[in-house]
Amino acid sequence: MQRLVWIFALALMALAVTGCSVRKYVPEGNSLLISNKVIVEPSHKEIDIFGIYGNIKQKPTNQLFGWMPFVKVYYQTVDKKSNLGQWINENIGRKPVYYNEAATADSRKEIVTYLNNCGFFKSEVTSTHKIKNKKATVTYYVTPSEPYVIKNLKYDIKDSTLATHISRIERTLPVKAGEIYNAYKMDDERDIIVEYLNNHGYYTFTKDFIIFEIDTNFNQRRADVTVCIRGEKFDRYVIDKVFVHPDYKSGSTLPNDTTEYTFSYSYGKRRREVTFDYVTTGDPNMKFRTFNQMIQIHPGDVFNQRRVSQTYHSLHNLKIYSRSNIRFDTVPSSDNDTVRHLNCDIQLHKGKLNSYNLQLEGTNSAGNFGALGSITYKNNNIFHGSEVLTVKIKGGYQLFSTDKEISSSGHFHGNEFGGEASITFPRFLGPFKMRSFVLEYQPKTLVTFGYDSRKRPLYRRQTMQASFGYNWMANRRLQHILTPINLNSVKVDQSDYFKKKLEEEQNQRLKDQYTSHLIFGLNYSMIFSNQNPNFQRNFFYVKADIETSGNLLSLFNNTSLTTEFNDYHEIFGIRYAQYVKLGLDVRYFCYVNSGSFAFRVMGGYGIPYGNSYDMPFEKSYNAGGANGMRGWAFRELGPGGYIAPDGNKTERIGNIQLEFNAEYRFPIYSFLNGAVFTDIGNIWNSKPIESFPESEFGFDTFYKQLAMDMGLGLRLDFSFFLIRFDFAIPYRDPAYDESERWRFSQWQWKDVTFNFGIGYPF
């Protein structure tokens with residue numbers, strides 16, 4: 001079965017690589033559109049060239065570095081009657097785009113309209129096309145007219161109170177006198193005005209009330225603009241009462257055993273009241289004070305749409321609720337009232353209180369087979385304030401091929417077990433109130449404790465971990481994670497055989513990797529993602545990390561709390577680690593037809609100093625395994641161009657990492673998906689290490705030491721979790737002499753690495 005899968009994958013790759021020429025498939029009288037060009041003459045800084053490209057109707061045929069392998073796949077399978085042929089045509093093939101004069105004419109009209117909206121009225125747009133070898137290139141020539149400039153700008157607002165509000169933001173509005181007329185900026189100004197007024201009590205105000213009156217002068221190429229707000233009087237709305245339904249069910253009336261409870265709390269210098277309707281016999285119970293920080297819609301305040309959005313975001317942090325809905329109803333009032341009133345209904349739909357999750361991971365490579373299983377329990381309301389308790393227990397084993405000196409059978413059964421418990425509080429916990437920050441960003445507090453034990457042929461490593469930190473969203477795209485307290489205690493028990501080997505080892509840097517140590521520092525991560533879960537659009541994901549350790553402890557050097565031993569210090573009898581670690585992970589996801597491309601570039605640099613000569617083992621970088629360089633087993637790649645002697649079982653680590661991954665993911669049938677991928681990367685050491693020759697990073701050598709693999713993946717996507725099978729083979733291996741690193745001619749079936757995992761690798 002594995003051979004059949006690989007034969008299919010290699011045949012597909014060969015077809016893609018050799019699919020350069022598609023000319024013979026193009027029907028007579030047609031030409032493939034391969035390029036659109038735009039020339040603006042004379043150029044103008046106010047003309048966005050990308051905006052022009054965006055208005056061209058026909059997009060060029062898909063190409064890959066000038067080739068069209070997927071178009072060739074389309075041509076070769078378009079008439080296939082078999083299910084396999086149709087599937088390849090629809091999921092791998094790319095439909096060609098033929099040059100069309102009518103579409104080009106429509107594009108010219110769209111470009112003219114775009115330029116009109118940018119103030120360049122009656123600009124001239126022409127086009128030419130060249131056809132060679134059945135490939136067409138279209139060039140659009142844009143001759144912009146002299147733009148219209150806004151000479152006078154004024155506001156016509158009958159409601160004086162409304163006019164006062166708008167005058168406060170007038171300087172920040174995008175439409176300004178003296179600048180070029182731009183209809184797109186006018187749309188932006190409508191949005192800004194509506195948002196501002198909605199945040200200052202004008203609940204019913206919409207864009208429909210705003211119109212722009214334009215009076216143009218053709219000879220002087222100028223425009224007088226009047227911003228008109230239609231309507232004599234606009235009502236401001238004040239919140240009257242707030243009702244919370246913590247067990248709301250759509251389309252149902254309140255049951256008989258529902259109790260109404262009015263909760264009074266302090267907000268600033270005033271007392272506020274929120275009324276709860278709750279079922280007295282229901283489960284789970286919620287502490288009413290939980291909502292003090294969450295609900296930012298308060299009786300007596302003017303309506304504020306931004307506060308409504310923040311309340312939605314805050315309620316999303318309460319994991320005991322699956323979804324929430326906020327409704328407003330007007331309260332009847334007399335014509336003499338200076339303001340109108342609104343009642344607010346917050347409807348909360350309960351989710352699951354408890355959940356369980358089982359996971360299984362495994363690898364089989366280079367004679368080492370391993371399996372790891374875990375069970376995770378989650379309670380979404382452990383302290384009746386929607387605090388999330390997560391408990392994870394894991395265990396597994398791995399079969400290692402070892403030297404006879406380690407095991408008479410030549411094999412060693414390693415094991416791993418441990419657990420982790422964490423509590424996520426949907427609120428800020430700390431010595432300072434920081435109320436403004438809390439209300440603005442709704443930070444969550446995370447407390448974690450964990451233990452892990454790993455037994456390997458040469459040693460046993462036990463890790464105890466504790467952390468305390470915060471997580472908050474600056475906006476819907478930017479997330480911050482700050483862990484000011486991060487404690488790890490690592491104990492390493494060496495086997496007699498390994499202890500003897502280390503005593504003979506002259507390189508202290510290598511010996512330090514297998515000694516007990518303490519990590520005490522802080523972590524900070526910033527995550528950006530412009531993914532829209534409601535739309536399938538291309539998006540970026542960027543994560544930047546910084547981690548430090550030992551700086552605070554170093555302040556106690558030469559005090560009674562620390563002991564100096566040789567050239568380093570110990571606290572409580574354990575050497576503490578001191579380092580800074582920087583990391584960057586950039587991903588781009590691109591959707592193409594029914595499939596998608598996923599790209600990742602990541603790098604990291606760990607800098608030991610002070611009390612550390614090298615990075616701690618668990619904080620060092622490694623390469624290989626199910627989520628990185630999949631052509632190698634875990635920790636079997638690198639560092640650099642290091643060539644391991646036969647029988648060397650030392651795990652490979654470094655303090656520098658560079659890696660690039662690319663995947664094409666496509667559906668096969670129902671829940672079965674496929675992937676074709678390649679990985680390029682390695683790890684290095686920043687300084688020469690005698691035990692790892694050729695492992696030092698150098699700008700003039702690192703590119704020669706890049707490892708490369710390719711492979712095929714199968715995924716079982718069950719929506720709530722994904723099972724992944726990846727088959728990869730190295731095609732460039734830096735663990736050989738430089739002249740022998742390309743491995744195509746030496747491929748054997750035993751070189752195929754199988755990886756099994758849960759979820760996508762990135």
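The values are calculated or read from the model by the stated rules, or taken from the named source; none is laboratory data. Note that the coordinates shown come from a computational prediction; the quantities given were computed from them, not determined experimentally. A quick note on method: Cβ atoms are made from the backbone with ideal geometry, for glycine too, and the neighbour counts reach across all protein chains shown. Accessible surface areas use protein heavy atoms only, side chains included; no ligands, DNA or RNA. Shrake-Rupley method; radii C 1.70, N 1.55, O 1.52, S 1.80 Å.
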Selected residue (only one of LEU318, LEU372 is over 30 Å from TYR196 (Cα atoms) and either open to solvent by less than 20 Å² (accessible area, probe 1.4 Å) or modelled with pLDDT under 90 (or both)):
LEU372
Of all residues in region 424-437, how many are touching a residue at least 12 places away in the same chain (Cβ under 8 Å) and surrounded by fewer than 17 Cβ atoms within 10 Å (Cβ to Cβ)?
2
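Mind checking which residues of region 549-558 are of a type in the set (S, T, N, Q) and part of a helix (DSSP H, G or I)? Before the answer, list the steps.
The initial filter retains those residues of region 549-558 that are of a type in the set (S, T, N, Q), namely 549, 551, 554, 557-558.
Once the filter is applied, which keeps residues that are of a type in the set (S, T, N, Q) and part of a helix (DSSP H, G or I), region 549-558 yields ASN551, SER554.
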From the options ILE192, ILE210, ILE157, ILE150, residue that is more than 43 Å from the chain's Cα centre (by Cα) and over 27 Å from ASP240 (Cβ atoms):
ILE157
What about PHE556, is it open to solvent by 20 Å² or more (accessible area, probe 1.4 Å), out of contact with any strand residue (DSSP E or B) (no Cβ under 9 Å at 6 or more places or on another chain) and of a type in the set (A, V, I, L, M, F, W, C)?
no
Picked from region 9-34 (must be open to solvent by less than 30 Å² (accessible area, probe 1.4 Å) and at pLDDT 85 or above), the residue farthest from TYR181 (Cα to Cα) is VAL26
Is at least one residue of region 145-166 touching a residue at least 40 places away in the same chain (Cβ under 8 Å), over 30 Å from ILE229 (Cβ atoms) and in contact with a Leu (Cβ under 7 Å, 6 or more places away or on another chain)?
no
Members of region 75-98 that are open to solvent by 40 Å² or more (accessible area, probe 1.4 Å), at pLDDT 85 or above and among the hydroxyl-bearing types (Ser, Thr, Tyr):
TYR98
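Quick grid of which residues meet (1) touching a residue at least 40 places away in the same chain (Cβ under 8 Å); (2) out of contact with any Lys or Arg (no Cβ under 8 Å at 6 or more places or on another chain); (3) acidic (Asp, Glu):
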{"residue": "PRO42", "(1), (2), (3)": "yes, yes, no"}
{"residue": "ASN55", "(1), (2), (3)": "yes, yes, no"}
{"residue": "LYS81", "(1), (2), (3)": "no, yes, no"}
{"residue": "ILE88", "(1), (2), (3)": "no, no, no"}
{"residue": "SER107", "(1), (2), (3)": "yes, no, no"}
{"residue": "GLU110", "(1), (2), (3)": "yes, no, yes"}
The condition of being without any contact (Cβ under 8 Å) to a residue 60 or more places away in the chain and not β-branched (Val, Ile, Thr) holds, among GLY641, GLY654, GLY628, only for GLY654
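Criterion first (among the β-branched types (Val, Ile, Thr) and either over 29 Å from VAL592 (Cβ atoms) or open to solvent by 50 Å² or more (accessible area, probe 1.4 Å) (or both)) does ILE729 satisfy it?
Details: among the β-branched types (Val, Ile, Thr): yes; either over 29 Å from VAL592 (Cβ atoms) or open to solvent by 50 Å² or more (accessible area, probe 1.4 Å) (or both): no.
No: the conditions fail for ILE729.
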Output the residues belonging to region 191-218 that are in contact with a helix residue (DSSP H, G or I) (Cβ under 8 Å, 6 or more places away or on another chain), farther than 17 Å from LYS158 by Cα and of a type outside the set (Ser, Thr, Tyr).
ASP191, ILE192, GLU195, ASN198, ASN199, HIS200
Residues satisfying the stated conditions in region 442-461, i.e. assigned to a strand (DSSP E or B) and at pLDDT below 90
ARG454, LYS455, TYR459, ARG460, ARG461
Give the residues of region 475-492 that are exposed (fewer than 14 other Cβ atoms within 10 Å of the Cβ) and at pLDDT below 90, sorted by residue number.
ASN475, ARG476
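Can you confirm whether LEU502 is open to solvent by less than 30 Å² (accessible area, probe 1.4 Å), out of contact with any Gly (no Cβ under 8 Å at 6 or more places or on another chain), among the hydrophobic types (A, V, I, L, M, F, W, C) and at pLDDT below 85? Working first, answer last.
Details: open to solvent by less than 30 Å² (accessible area, probe 1.4 Å): yes; out of contact with any Gly (no Cβ under 8 Å at 6 or more places or on another chain): yes; among the hydrophobic types (A, V, I, L, M, F, W, C): yes; at pLDDT below 85: yes.
Against the criterion (open to solvent by less than 30 Å² (accessible area, probe 1.4 Å), out of contact with any Gly (no Cβ under 8 Å at 6 or more places or on another chain), among the hydrophobic types (A, V, I, L, M, F, W, C) and at pLDDT below 85), LEU502 qualifies.
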Residue under evaluation ILE39, criteria (1) in contact with a strand residue (DSSP E or B) (Cβ under 8 Å, 6 or more places away or on another chain); (2) open to solvent by 60 Å² or more (accessible area, probe 1.4 Å); (3) closer than 25 Å to ARG221 by Cα; (4) assigned to a loop (DSSP other than H, G, I, E, B), criterion not met:
(4)
Here the residues within region 438-469 that are open to solvent by 30 Å² or more (accessible area, probe 1.4 Å) and either among the aromatic types (Phe, Trp, Tyr) or closer than 25 Å to ASN304 by Cβ (or both) are GLU440, TYR441, LYS444, PHE449, TYR451, PHE468
TRP684 passes all but one of (1) crowded, with 20+ Cβ neighbours inside 10 Å; (2) in contact with a helix residue (DSSP H, G or I) (Cβ under 7 Å, 6 or more places away or on another chain); (3) under 21 Å from ALA598 (Cα atoms); which number fails?
(3)
For region 60-72, indicate whether the set of residues that are touching a residue at least 12 places away in the same chain (Cβ under 8 Å), among the aliphatic types (A, V, I, L, M) and open to solvent by less than 60 Å² (accessible area, probe 1.4 Å) is non-empty.
yes
Among ILE150, ILE180, ILE229, which is aliphatic (A, V, I, L, M) and open to solvent by 30 Å² or more (accessible area, probe 1.4 Å)?
ILE180
Residues satisfying the stated conditions in region 698-720, i.e. without any contact (Cβ under 8 Å) to a residue 60 or more places away in the chain, open to solvent by 40 Å² or more (accessible area, probe 1.4 Å) and within 23 Å of ASN627 (Cα to Cα)
TYR703, LEU716, ASP717, PHE718, SER719, PHE720
